[in-house]
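The values are calculated or read from the model by the stated rules, or taken from the named source; none is laboratory data. Computed from a predicted structure; not experimentally measured. Cβ sites come from the backbone with ideal geometry, for glycine too, and all protein chains shown count toward neighbours.
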Amino acid sequence: MNIFSLALANVRALRRRLFGLVALVSVAAAVCIGALGIADRAQSATDTDVKESSANRSVTVDRPDQRPDAPQLTEHAAARLAKLPHVESVQHRVQVSFGVMTKEGDTVLLYATTHRPALPPPVTKSVRDDLFPLRPGEIVAPALSQGVDLSKLVGQDLETETTRFVRQGEGTGVTGHARLVGVYDPTWQMDNPDAAYAADPTVIKWAAQRSGQPEKSYLRTTGYDQLTVVARTAADVPAVTASVQKLGYPAVTLQQQLSALPGVLEMIKTVGRVLLGVLGVLAFVGAVTVTGALSRQRAQEIGILKAVGFRTRSVLTMLVTEMALAGAVAALIGTVLGTALGSGAAAVLRRSTDLAPYVEGWVLLPPAGTLLLLFGLTVLVVAAGSLAPARRAARMSPTDAMKDW
């Protein structure tokens, strides 16, 4: 029987005595793997879905109302910005207020807003899967607005009231109808509170009525109240922002707000690293303690092995191999438990609207390279921890070993 086979047989025979060490290392490894799995998935989502998302590549250009010398955001301005280097697209926003009357008698003031693909609202309830682009006469409103629960009205036709310009400071109400085809999370306010998305022709028609200008010439004269310039890559955002500002437009970017992980997930990532160190300490101390105790209890066995011709090196190899095998078993159990722990924690995090995009998937594990590294380090630390007491035990002479027994 070779040394490895003998060590494996001893591990099976001593499994009850090794249970404490295996349990300790398994639990520590499970918590570590779970935290690292969630953190890795969050980092991956940040690198792909967030960093290169259209929102993170967007440069927002507002209408320069406070600067009469600055150019307006007309169709010509949008076409001009679209020709800048590294620009993928230019998306516009027009907003105009309108009222909604429910059958229960509630009145809600909303702001009809054109939809921009770069900044889609988080729809929570809808009549169909793909809402956008919206059809004429359709609106998507916040689920809760001014104390009125609009989510109960999805799929219904609502009475609307817009304003038609009569003369300076005077207007008249125009009654119409719109179908509520969806609602979104009201905490999402990228287009201001109470924004209700509608088809472009509908919004431009209402805005032209309110301003008293012909609908056909509205975009050439008054224009948009905001433009979103989408860069080709996240790295192009600074250059695109500078180019837009050189043309005299006030431009800001969302990149700084969206380039980092949420605080909770960053904390999980840090905890995972700390637990990795704690795992090493626990594995090392546990191996020292268990190996020392087992060596004393197995003095007779060691004495017999030395008496029948086993060298000190062979006994040392056997004892260290036993602990390494125990560490391997603990690492495997820890991986299974860590997968369950990470997936359970992810299910809890997915209940949060802000965190859900960062924890997609049901089985959360670190990359294969990280798992193999963690597995190897666990075995190595346990073996290293057993080295000193195993060396003392292996150096005992057969006579001394029999006396200790």
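Structure notes:
- If the condition is being touching a residue at least 12 places away in the same chain (Cβ under 8 Å), assigned to a helix (DSSP H, G or I) and surrounded by fewer than 19 Cβ atoms within 10 Å (Cβ to Cβ), then segment 364-374 contributes T370, L371.
- Checking each residue in segment 123-145 for being under 24 Å from K205 (Cα atoms) and of a type in the set (K, R) picks out only R135.
- Flag if Y224 is closer than 21 Å to G137 by Cβ and either at pLDDT 90 or above or surrounded by fewer than 17 Cβ atoms within 10 Å (Cβ to Cβ) (or both): no
- Meets criteria (more than 18 Å from T202 (Cα to Cα) and buried (at least 18 other Cβ atoms within 10 Å of the Cβ)) for A82: no
- The single condition from (1) in contact with a Ser or Thr (Cβ under 7 Å, 6 or more places away or on another chain); (2) surrounded by 20 or more Cβ atoms within 10 Å (Cβ to Cβ); (3) farther than 30 Å from S397 by Cβ that V320 fails is (3).
- One residue alone among G309, G277, G334 is over 20 Å from P389 (Cα atoms), out of contact with any Gly (no Cβ under 6 Å at 6 or more places or on another chain) and not in a helix (DSSP H, G or I), and that residue is G309.
- Number of the condition not met by T233 [criteria: (1) β-branched (V, I, T); (2) surrounded by fewer than 16 Cβ atoms within 10 Å (Cβ to Cβ); (3) under 16 Å from F98 (Cβ atoms)]: (3)
- Failed criterion for V174 (all others in (1) assigned to a strand (DSSP E or B); (2) crowded, with 19+ Cβ neighbours inside 10 Å hold): (2)
- Checking E161, E170 one by one, the residue that is more than 37 Å from the chain's Cα centre (by Cα), in contact (Cβ under 8 Å) with a residue 24 or more places away in the chain and under 20 Å from Q209 (Cα atoms) is E161 and no other.
- Neighbours by Cβ (under 6 Å, 6+ apart or cross-chain): first from segment 219-243, on the phi > 0 side of the Ramachandran plot; second at pLDDT 90 or above and surrounded by 19 or more Cβ atoms within 10 Å (Cβ to Cβ): G223/L73
- Scope segment 140-158; condition closer than 17 Å to V96 by Cβ and over 31 Å from the mean Cα position of the chain (by Cα); matching residues: L158
- Scanning segment 298-348 for residues that are polar (S, T, N, Q) and out of contact with any Leu (no Cβ under 7 Å at 6 or more places or on another chain) turns up Q300, T312, S314, T317, T321.
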